[in-house]
Structures are given as structure tokens and as C-alpha cells.
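The structure appears right after this line, and notes come after that.
The values are calculated or read from the model by the stated rules, or taken from the named source; none is laboratory data. Computed from a predicted model, the values in this text were never measured in an experiment. Here the Cβ is made from the backbone with ideal geometry for all residues, glycine too, and neighbour counts use every protein chain on show.
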């Protein structure tokens, strides 16, 4: 029997108004890969932050190697050999790789000054030992996410960590990068005797990498099992607390009438750099076109251009036969495009406004909700609000509640309810299930499919490949602002598509036109 | 005629007028690196000027004045940090409050302690010593410019170098920069970013206090209402112009000092003081305009580079 390294006993953590961890017990054995899974808000990150000393538990005790231990700050955790790779990388962008790795514990010369040469040597040595290639002199801001994650792991190892906590490490990676990361994790555990705790909500990854898996739900620990005894169905049920059906979605044959087309569009990002470099595609009624790509390759800008939120420099943009080049968001909406934006809090919703106000936005001046375009007809609005809350399963005590008080999943349902209720022939949907729990994902997916089956044309942008594959009829890949491939769903595997997403493969294309 | 303006005295004046800007800007660039733009330097300088005079007058020692000015700066810097770092107030609001408080308090104390309005001067205020380097007196040009300045002139130059080394060559300075750019990264590395922000704010207060003491005990030997005359804001401009790099900021402060001195020289020429006094401020506005232009040009250049790479 393996030695118990960390034992959490009856840990509770209360934030104002929320019990984030409720009487949680967990043990981590030396030399294992232990996955912690759960929906968003289940308390996984809180629990890990407690182990890492960023939060102090309200109740309960932590045992390290059998002895009760107080971990009051990250410094204590580091002292015990516990290191954490955060979901958002903790790297200073303008510093070099070497500077970031030694941050907080810099090698010195003459006791006063930083010994940069030694920092570089340390970085090279770590890089060698763990097989994680990095250039010590490069500035972090110019590196890809995959490389940044390597630096994070090296940083943690430099601090002498024997236990590595990885918080959603694959969320930002391509399938290839994920595979590479898993190789590294296996090497750390099998060859170098480290212990790894990995937080994730991707069930296949849990099954692929972990030895044991612990499931959390609503702040409670539901149970721990050997991964070999688990499967997706079991884990999903434990996570959600009821049966979840990942059924094949029924897709009706579509009409194939083209409703939207873009040709050679170019646009820049907020820094003035080229974000879209001649993107062309078309969208037909009754189909879902998925756009797959690693984040930051122009997807956000594409969605903004198509919804009038960003200026287009060149190109042709036709909606239902009407030229829509650089029309305003309002004009574009009138042409029949609804938009579920990628960031519900920044652009999708007004956090402090109530649910009914958020649901009304966009038609607040229209009959019958506004009497003569001025005065809001409360009765009609309430009817509509109640109907949408019911139809879209928004869990709230009342439509008067500020949207900001809802959970992520329910906020997203408000956005979707509003945009879907406009009954437009075209929907542009970005990251529809980001930060949303499994139950809500299931619901949102079924709503999207229903729209499709009713004949809507849907452009779906998602960082989740699973989502793209589950929903799309057709998939195009985008890399550095260019379309690198186009496929019918079923023609290509996730592994293969990863190569197109990273620009390693490009389909032969003439003038941006695609051949099916 | 030009000779009357552009002569050695102008350079000498430049160095003298730039010193309070240099001291304050060095403090302000520390908070800037720690992620806080401190426009409360104006008030801190003013308080430093007043308490410098107070200390010097009552204790009969300029050192006592400097220490008192530094202590008051320390307290205000601490206050700024408590509000901005711990209570999470808006840094501009806090800074404006400090400026208004300083302006009101000094006027009030001037009347209640010294019983005067407008300005207080007295032979009992001991000025800061001037340093004479005998070795320099034989070098004609340098002697006129560099020798025989108030002590803070030299201290400010040394501080430029020390702060540069601190920020870029010591771990502590690296933490300070990390605390402004990405505090979470520093915190997870086991160093408290709060602590770094406090340190920067207190250091800024002390340096502004010194800037004030130099103004009322080195540059002049008196205190007058609102004698900081927007130097705190010009220091902010110097920081922005120098992109918070100590050497560049020093150069920017010298430049602003030059325009200040130029204003004074032109006044000697008989140009109405209302116009000459505008010069440093006009220079500040122009400088900020140039910085912005430069940044826009940089973005454009990036654009061109991108499109040529296509």
C-alpha cells in the first residue's frame, strides 16, 4: 500500500454567502496521478488553493506525511514540496523565461544582486533534466501557451516540488500539446517519483492519465475511485448527480440554401496586428458550421467582424443576398443575424441589470413590449420573461434578480434565450458552453440542434473540440487568421484536425475557395 | 540678446529646478512599477516643503527639517498604500484627496503656527548646506554648472543610479516590478505583492518629502502657499516620458527643469512673467503629445511590418 502524502480531513471553506467546500476529505498517495473532477463551481479549485495555502480552511485539518500541518501561505506549501500550476499562468509577461523561473528565489551574487547567468544555467539544467525545452532568454510575452505551461511546470519544479497540482492544464492546449503534457506528467511520476494532482472536467482525459479519480459536486466530495473501475458514464453521473445522456443528437437533413458568405475578409486585432488574413467560407440554412482553432487565431475577431463589432478592411460579406460590409451591429441584426458572444459578462449581459431587462435588450423599443416605442409594457414583458425562463430552464427564484447573481450556466442560458427568441435565420454562436456545467451543456447543445433542425444557419466557434465535433455538420479550421482546412464532420479525427489547427497541415486551397 | 538667456546660469538653473522633479519622479516611478500611478506626489511635495521649514525653524537644523519632511512623506505614503492597496480605493481619488488635504493643511498651519498669510520666511530657517568640491573649482565650465549646489542635487543623482540598480539588478527590485505587472505571479512565488506596493508607496512619500524639503530649504529658504506649483504633476509627466526607467526619467526631469529655468531667464529679459511661467507647462503638454505620437507611430510601424510579412 502506497504511503499517504497529503490527507485532508473534513475540510470546509466558507466565503461570504457560499459554502465552497463542505466537509471534504481526500487523501493523496505518493507517486500517483490523482484526478479531481467536478462541474464548474464544484469547489475543486478552492480545495486545491487550500492545499497550496492561498486560502485557509474555515474548518478541518490537513495532514502531511501523517502529521497535522498548517499551510498558511504558498511559502508554507512550497516548503513542504507542494507546487501548483495555475489555470491562468502565473508568469510576468515582460520578464524572460529565466527570470520567471527563479522569481521569488533568485540566485544571488554578493548577497545583493541577482545572478542572471546562474538563473540561465539553472533554467537550462531544469530543462535538460525534465525534458522540457525552453529558451531561457526569451521574453514570456512572445511565447505560445504550450511553452508558457512548460515554464510554469519548470518553475514549480525549481522550487523543489514533489507534489504538483495542475489546475485545468489542458483547457488551453491543442490535442497534440495535451498528449505532450501527458507524456511529461507520466515521466514526472514514473521516472522521477513525483506526485501529480490534476484538476479537469474532461472525462476522457481523466481516464487516459489518472490512477485514481475523486469527484466533487456542489462543494462536497462524492467519492474516490480507481480509474480502471471508472468510465465516462459513471463519472458524469457522479459529477451531475443524475443520469446524463450523451446521446447522439438527431440531425435532420438540411436544405443547403446558402444564406451567408464571406470572401477574403481581412481585419486587425486591438493591437493593430493582422488577425484575419483573407478568410472565406459560406454558411447554409439548416447546417452548423464549426470553426475549430486554438484560441487567439482570429476566431474572436471573425465573430466581431460578422456581427458589426469590428471594422473589416477588405473583403465581401453577403447576408441573404445583401452586402453587409461594415454595417453597424444593429443593421446586421436587422439582416437576420443573432449573436451569442464569447464573453457573456463583457458583451453578452449587463451583470447588474435584471434577468427581464437582459432578456428584453434589443427589442425594448418594439411593440408590444414598448407602448409607442417609449413606455415599457410591464405585463407583456413579464409574460415573455416567464415564458423564456420556463422554456430555457433558467434556474432563478424570479425574473427580477440581477443576472450577475446567477451561476455561469444560468447566465449563459439567459443569453441564449434572448438571442434564440429573436428567431433569426442566422445565428453566430461563440463559446456557448464556456465555464458551464455538464447539465447545462447538455441543454444548450440540444437547443442549438433544435434551431438547426428548424432550418437556422449556425456558425459555431468553440475552443472545445468535443463540442465542435458533437454539433457541427461541417468544420473549418483556422490558424493565424487563415482557413487551413474544411471537412465534413466524420471525415476527420480529432488528432488529425489538431494538425490543421496548428498550421502543420494546410489543405490545398485556391484563392481561399474550398472544395468539398 | 540670446546670450543673455542661453548662458551658464541657465544650465545652473536647470540643475537646480530639475532636482525636486528628479526626486519626486524617482519616487513616483517606484509606485508606477508597483502598478500605481501616484498623482498625489503634488501634495506630498507641498507637505514636505512645509514641514521642512517647520523642522528647520524650530530645531534650528536643516537636517531636522529634512527628517521631518521625510517622516511626513512616509506617513502620507503609508496612508496612500492603506487606501489603495488594502481598502482598494481608486488611486486617483485618493491622490486628489491627498493633494487637497496638503493644500488646505499647509495654508491652515501657516496661519495658526506662523501667523502669516501667503508666505513665511525667517532668518531662523536654516537652509540646506551647499557642497563645494575644491577639485572642480579649477575647471571653468564644469565648476560653474556642477559645483556649489545644494546637497540634494547630488543626492538625487546618486539615487538615479541606485534606483536603477535596485530595479533591474536586485531580486527585491524585480519583485517590485512583478508586483505591478502581474501581482498574482509574485504571490504564488511566495512573495507578498502587497508588501512591495507598500514599500514603493512609502519610498515615494519619503522621496517627495525630500523633494519638498529641497524646494523650501535648498532652492529657496521660505515656505509659500502652494509652492509645489504642480511639480508633482510634471514629475508624473517625466515618469511617463521616461517610461518609468530611472535614467530616462532623469533625462526627462532635466528637460522639464530646463524649460522651467528658461522661463525664469526669459523673465529677466523683461518678458511678462505670465507668459514665461507657462513655459514648463506648455513643455509638459508638448512632451506628452510627443510620447503619444511616438506610441501611435510604433503601432503603425508594427502594422506595416505585418502587412509586408504577408
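Quick notes
- The one condition in (1) within 14 Å of chain B (Cβ to nearest Cβ); (2) at pLDDT 90 or above; (3) assigned to a loop (DSSP other than H, G, I, E, B) that residue A:272 fails to fulfil: (2)
- Of A:323, A:342, A:383, all but one fail to be over 25 Å from the mean Cα position of the chain (by Cα) and closer than 30 Å to residue A:284 by Cβ; the exception is A:323.
- Segment A:17-54, residues that are within 14 Å of chain B (Cβ to nearest Cβ) and touching a residue at least 60 places away in the same chain (Cβ under 8 Å): A:45, A:48, A:51, A:52
- Among (1) surrounded by fewer than 20 Cβ atoms within 10 Å (Cβ to Cβ); (2) out of contact with any strand residue (DSSP E or B) (no Cβ under 7 Å at 6 or more places or on another chain); (3) within 20 Å of residue B:177 (Cα to Cα) - the single one residue A:115 does not satisfy: (2)
- Scanning segment B:112-159 for residues being under 15 Å from residue B:221 (Cβ atoms) and under 25 Å from the mean Cα position of the chain (by Cα) gives a total of 13.
- Index of the failed condition, residue A:127 passing every other in (1) more than 18 Å from residue B:167 (Cβ to Cβ); (2) within 13 Å of another protein chain (Cβ to nearest Cβ); (3) free of Cβ contacts under 8 Å to residues at least 40 places away in the same chain: (2)
- Residue list for segment A:184-209, restricted to those being over 21 Å from the mean Cα position of the chain (by Cα) and within 21 Å of residue A:46 (Cβ to Cβ): A:195, A:196
- Tabulated pairs, segment B:171-183, first facing chain A (nearest Cβ under 7 Å) and without any contact (Cβ under 8 Å) to a residue 60 or more places away in the chain, second part of a helix (DSSP H, G or I) and surrounded by fewer than 21 Cβ atoms within 10 Å (Cβ to Cβ), C-beta under 9 angstrom, 6+ apart or interchain: B:174/B:167; B:174/B:168
- Selection from segment A:61-82 of residues that are at the interface with another protein chain (Cβ under 9 Å from one of its Cβ atoms) and touching a residue at least 24 places away in the same chain (Cβ under 8 Å): A:77, A:78
- Counted residues, segment B:186-206 - those being within 14 Å of chain A (Cβ to nearest Cβ), out of contact with any helix residue (DSSP H, G or I) (no Cβ under 6 Å at 6 or more places or on another chain) and in a helix (DSSP H, G or I): 1
- Qualifying residue in segment A:105-113 (condition: within 12 Å of chain B (Cβ to nearest Cβ), touching a helix residue (DSSP H, G or I) at 6+ places or on another chain (Cβ under 7 Å) and without any contact (Cβ under 8 Å) to a residue 12 or more places away in the chain): yes
- Failed item in (1) within 14 Å of chain B (Cβ to nearest Cβ); (2) outside any strand (DSSP E or B); (3) in contact (Cβ under 8 Å) with a residue 24 or more places away in the chain, with residue A:180 passing the rest: (1)
- Matching residues in segment A:109-124 - criterion: being at pLDDT 90 or above and within 23 Å of residue B:166 (Cβ to Cβ): A:113, A:114, A:115, A:116, A:117, A:118, A:119, A:120, A:122
- The one condition in (1) in contact with a helix residue (DSSP H, G or I) (Cβ under 8 Å, 6 or more places away or on another chain); (2) in contact (Cβ under 8 Å) with a residue 12 or more places away in the chain that residue B:221 fails to fulfil: (1)
- Scope segment A:32-52; condition farther than 14 Å from residue A:213 by Cα and modelled with pLDDT of 90 or more; matching residues: A:47, A:48, A:49, A:50, A:51, A:52
- Single residue of segment A:91-104 satisfying the filter (more than 12 Å from residue B:171 (Cα to Cα) and surrounded by fewer than 24 Cβ atoms within 10 Å (Cβ to Cβ)) that is farthest from the other protein chains (Cβ to nearest Cβ): A:96
- Counting only helices (runs of 4 or more DSSP H) wholly contained in segment B:227-278, the ones carrying 3 or more residues that are surrounded by 20 or more Cβ atoms within 10 Å (Cβ to Cβ) occupy B:231-241, B:246-268.
- The set of residues in segment A:189-205 being part of a helix (DSSP H, G or I) and buried (at least 22 other Cβ atoms within 10 Å of the Cβ) consists of A:203 alone.
- Considering A:312, A:221, the condition of being touching a residue at least 24 places away in the same chain (Cβ under 8 Å), away from chain B (no Cβ under 14 Å) and not in a loop (DSSP other than H, G, I, E, B) is satisfied by A:221 alone.
- Sole residue being modelled with pLDDT of 95 or more and under 21 Å from residue B:167 (Cα atoms), chosen from B:69, B:81: B:81
- Candidates B:102, B:95, B:81, B:64 - the one that is surrounded by 14 or more Cβ atoms within 10 Å (Cβ to Cβ) and without any contact (Cβ under 8 Å) to a residue 12 or more places away in the chain: B:64
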